[in-house]
Amino acid sequence: MLHTATAESVLAAARRGGADFAELYVERWRRRTLRTIDGEVEEAVSAIEQGAGLRLFFGTDVVYAYTNDLGDEALNELTQTLVRLRGARGAVDAGGAGGLDLRRRAAAGVHAPSVAFESLPKAWRLDRLRELDAGARVDASIRQVEGRLLEWEQDVTVVNSEGTWVDDRRVRTRCAAVVIASDGDQTQTGHFGPGLSVGLELFERFAPAAIGERAARQALVNLRARPAPAGTMPVVLGNGFGGVIFHEALGHLVETTSVARRASVLTDKLGEQIASPQVTYVDDGTTPHGWGSSEFDDEGMATERTVLIDRGVLTSYMVDRWGSLKTGYARTGSGRRENYTFAPTSRMRNTFILPGDVEEPAELFAGIELGLYAKALGGGQVRPGSGEYNFAVQEGYLIRDGEVAEPVRGAMLVGKGPETIKLVDAVARDLTTEPGMCGSMSGSIPAEVGQPHVRVTQIVVGGEA
Amino acid sequence: MNFERAKDHVLRRARALGVDAEVLATAKRELTLAASGGRVDEISHANQGGVGVRVVADGRVGYASSEALDDASLDWMLDEAIANARLQPARGAALPSGGALGRSDLIGEGLSAAVEAKGAAVVELESAVVTDARVDALFMARYAETETEAVLGSTRGVDGGYRTGYAMLMASPVMKQGDSVKQGWDLDVAKEFHLLDPTRTSQRILERVGRHLGATPLRTGRYDTMFEPDVTATLLRLLLFSLSGKSVAEGKSRLATRLGDRVASDLLDLVDDPTLPDGLASRPFDAEGTPARRTPLIEGGVLRSFLHNSDTARRTGQANTGHAQRSYASTLGVAPSNLILEAGSGASLDDGVIVTDLMGVHAGANPITGDVSLQGLGLRVEDGESRPVENFALSFNLFDLLERVNAVGESLEWRPGGEGMIAAPTLRVDALSFAGA
């Protein structure tokens, strides 16, 4: 995608223009989206996206520009424009005069797919989505089934003035079912959407009919659910996507994007007990085939497994290059961005609570007289600085006398992430993770959230209005 | 960019493969400069463009796009679009035929000023705003310019291209007087950089935000009401949903069966005019190559037309008005260009409320039913004197309100809206119900 001479001349020109650091990010995507409603194609689109982003540091001031044109002339012009706009009169740096010693590294294929997109025709994909549709037809009240298949291939090159040259390749597939059920009176939805850093072998791990059926079962549960009660009560959060609360209301608070601006309540808390001792919280960019995994981050650093909270003690932030400059913490391979139109910031990859010491999830319900089992969570809102959150419960049940009882709908969990994490008093062993799209300053990126079943001694539950 | 070459390559190959294809290529250059503390502290510069193809084969439509212009990428794009079309059920779609549309340049050298001059303009705006003692903080002061180039061609004869753009200055101050704190924003848009005036923009912003300082709650009741042009534009954005041929084709427009009927006060004339000389959203043709022409939508309160592209026109059996909209990466839609609610003979108010701002349109307004319940800011006028009021909500039905307009202001203000630009006057409506203190 990128010629060595072009990269060298761009980086050298940036340094001559007074930049302390220059980074060129070049990528090329192939994306396909196939969407069916009731088994017929509603949308089928394909796209090649290609572009370059140039980021220059002048101290901790950052300027950024991007273009689709990867030609030598266009990239050099972009560099000149940025340097001129900055109005830099800075000293000419020696690094700009001589050649750069670029050290090349390439992805080893840890997350490489086994069934390539090109190996199967589009009609085969449509057949899979029709299986998903058929799998969802488990009851006469199922009214509409939407199937979605996303295929992403991304080739990335990151080159910088410190001599880094990294080539990474990321392939991701996600299949989702959205099912609408209605009994004439109520209309409810169910959702399930597994995704991994794999090719079309996703369907070997998740049978299409099973994806449809799981979404349909959730819609049916909601159809027979009663309005949730309101009040403060013990809550058991389901494994997998139940972890989205801690992603939103805790994870975002330990990114240097907010910590370096002192905009997070968890600023300057390293080494302090900020969570229950039951909680060890990890952000891992290396999980094989994880939805949020990659071999390198978008700043060209090898990803790593970062323990954020160890038995309740805050042990690390998620640190990108700018955050490292501002705070002095070492980078953690957490610089990520949606695409070339965004400069990278510190972001989560695959973030989860490690298994605890409760053998069976059923034990978590024991002793709860009245509580809520939030088996699956839906959308929510969070204030980034304080971690105040509210999340809708997508699939919920009451807990009565230590047992999971009838389903309830419309429950809303309300609290503050840094407080809720202190109230976790038991963690099971059944860790699972699920894919999501995480939105922040550097765009929308794939990230996994996860946890085992977790019990929180109390959360405010808002009932149906 | 090599758009012409890319377009020719894709169309030649489509003809060889025996499919109808339309190629749309657009490129956008954006420059944003933000000022703080008397200097330009944030800069972003972007060039983004690509090619999109719409294929129609056997009444089936398929789309694909590419930001890479090499032959291999373009061939992949066309093959994917054809394969995507073949997956669809047949829906009777067809590609419109057309002709040579020429190449137009609608901005010339309008944005060619040196970047240093643009930086100086935004610094001047920032300095002028923060000089006002009532300004407590400045959320942003920004200069932004956008230049776009479009090339369109099809196997059915369409061939054309144009270049256009605009520049704007905007700022959002937080102003304070005693315990009263108000945040607001405003912008000035022009086709040429030299038409922007930081002094004029700063004065307008300070006046528009500052006049709300010291606002007191409005008492619940019915008031004769004037909507400032900014608020009228908000109402028009909401009305656009019902005027879109897409909403009509999908059975979502409340006006669908009302062509030829009186749907608004006879004082109202609404027109969309992409041919307006120096119009900020003017264009020689739409995204399907239909030549631009002025389209009266409402004349003397009578509904005359919806906004259509070839597809919504075919599905509703109405005339195509040339309002196709799409980017290279998106599918076909409908959008206005310069939407103008014509000026009237003037509107004034001796006793009532001037509504200056409506908030929360996304959540508090239902475009299908026209039911609106929104929080507002305004000025209470009594005995010819005005004072700021706040903490009130207005509830009305948009369609009902349009029928009740009894005066239209004599000047227009331009505001951005719905992929195009909206020109709006002041509107007066009597006895509107307000919920306040």
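Rule-based calculations on the coordinates, nothing more; no lab input. The model shown is predicted, which means the values in this text are computed figures rather than measured ones. Cβ atoms come from the backbone with ideal geometry, glycine included; neighbour counts cover every protein chain shown.
Here is how the numbers come out for the structure above:
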{"read-out": "A:Asp101-B:Arg163 FRET efficiency (beta carbon distance; Förster radius 41 Å; 0.05 resolution)", "value": "0.40"}
{"read-out": "Share, in percent, of DSSP beta bridges within the protein assembly as shown that are antiparallel, nearest 5", "value": "85"}
{"read-out": "Beta bridges per DSSP with both ends in region A:97-192, % antiparallel, nearest 5", "value": "85"}
{"read-out": "Cα gyration tensor shape of region A:3-159, rounded if a/c is under 1.5, else prolate or oblate by comparing a/b with b/c", "value": "prolate"}
{"read-out": "Cβ-Cβ FRET estimate between B:Arg294 and A:Met1, R0 fixed at 56 Å, reported to 0.05", "value": "0.75"}
{"read-out": "Hull shadow area, averaged, region A:275-323 [alpha-carbon convex hull, nm²]", "value": "3.9"}
{"read-out": "Close Lys-Lys pairs in the protein assembly as shown, where close means Cα under 24 Å and separation is 8 or more or interchain", "value": "9"}
{"read-out": "Cα-based radius of gyration of chain B once divided by 2.2 N^0.38 Å, which approximates compact folds", "value": "1.08"}
{"read-out": "When region B:215-437 is reduced to its Cα atoms, the Kirkwood hydrodynamic radius in Å", "value": "18.0"}
{"read-out": "Antiparallel bridges, percent of DSSP beta bridges restricted to chain A (to nearest 5)", "value": "90"}
{"read-out": "Linear extension gain, A:Phe58 paired with A:Glu40, 0.36 nm per residue minus alpha-carbon span", "value": "1.1 nm"}
{"read-out": "Cα-only Debye scattering, the protein assembly as shown: base-10 log of I(q)/I(0) at q = 0.05, 0.09 Å⁻¹", "value": "-0.32, -1.17"}
{"read-out": "Taking chain B and dividing mean pair separation by its residue count, relative contact order in percent (alpha carbons under 8 Å, at least six apart)", "value": "15"}
{"read-out": "Cα pair count fraction exceeding 15 Å, expressed as % - region B:27-102", "value": "69"}
{"read-out": "B:Asn406/A:Ala123 FRET efficiency (R0 45 Å; Cβ-Cβ; nearest 0.05)", "value": "0.15"}
{"read-out": "Cα gyration tensor shape of region A:336-443, rounded if a/c is under 1.5, else prolate or oblate by comparing a/b with b/c", "value": "prolate"}
{"read-out": "Neighbouring partner chain Cβ atoms per residue of A:53-63, average, 10 Å criterion", "value": "1"}
{"read-out": "For region A:375-403 and region B:365-401, distance of Cα centres in Å", "value": "36"}
{"read-out": "For A:Leu398, distant residues with modelled amide H under 5 Å away", "value": "A:Tyr373, A:Ala405, A:Glu406, A:Val408"}
{"read-out": "Cα-derived Rg to Rh of region B:3-206, Kirkwood definition", "value": "1.17"}
{"read-out": "Region A:85-228: Cα Rg divided by the 2.2 N^0.38 Å rule of thumb", "value": "1.65"}
{"read-out": "Per-selection Rg to Rh, region A:231-462 - Cα, Kirkwood hydrodynamic radius", "value": "0.97"}
{"read-out": "Reduced Cα scattering model of chain A, Debye log10 I(q)/I(0), q = 0.05, 0.07, 0.09, 0.14 Å⁻¹", "value": "-0.21, -0.40, -0.65, -1.31"}
{"read-out": "Over region A:286-369 - Rg/Rh using Cα atoms and the Kirkwood inverse-distance radius", "value": "1.12"}
{"read-out": "Virtual paramagnetic centre 7 Å along Cα→Cβ of A:Asp268, amide N under 17 Å, in region A:367-391", "value": "A:386"}
{"read-out": "Distance from region B:74-138 to region A:218-292 (C-alpha centre basis), Å", "value": "39"}
{"read-out": "Solvent-free Debye scattering, log10 I(q)/I(0), computed from the Cα coordinates of region B:284-330 at q = 0.20 Å⁻¹", "value": "-0.68"}
{"read-out": "Alpha-carbon centroids, region B:1-37 and region A:431-465: separation in whole Å", "value": "40"}
{"read-out": "Residue list for region A:42-86, given a label point 7 angstrom along the Cα-to-Cβ vector of A:Ser9 and an amide N cut-off under 11 Å", "value": "A:71-77"}
{"read-out": "Segment B:Ala34-B:Thr220, extension gain: residue separation times 0.36 nm, minus the distance between their alpha carbons", "value": "62.8 nm"}
{"read-out": "Exposure proxy order (Cβ contacts within 10 Å, fewest to most) of B:Arg254, A:Arg336", "value": "B:Arg254, A:Arg336"}
{"read-out": "Least to most buried among A:Leu196, B:Leu69 (fewest other Cβ within 10 Å first)", "value": "B:Leu69, A:Leu196"}
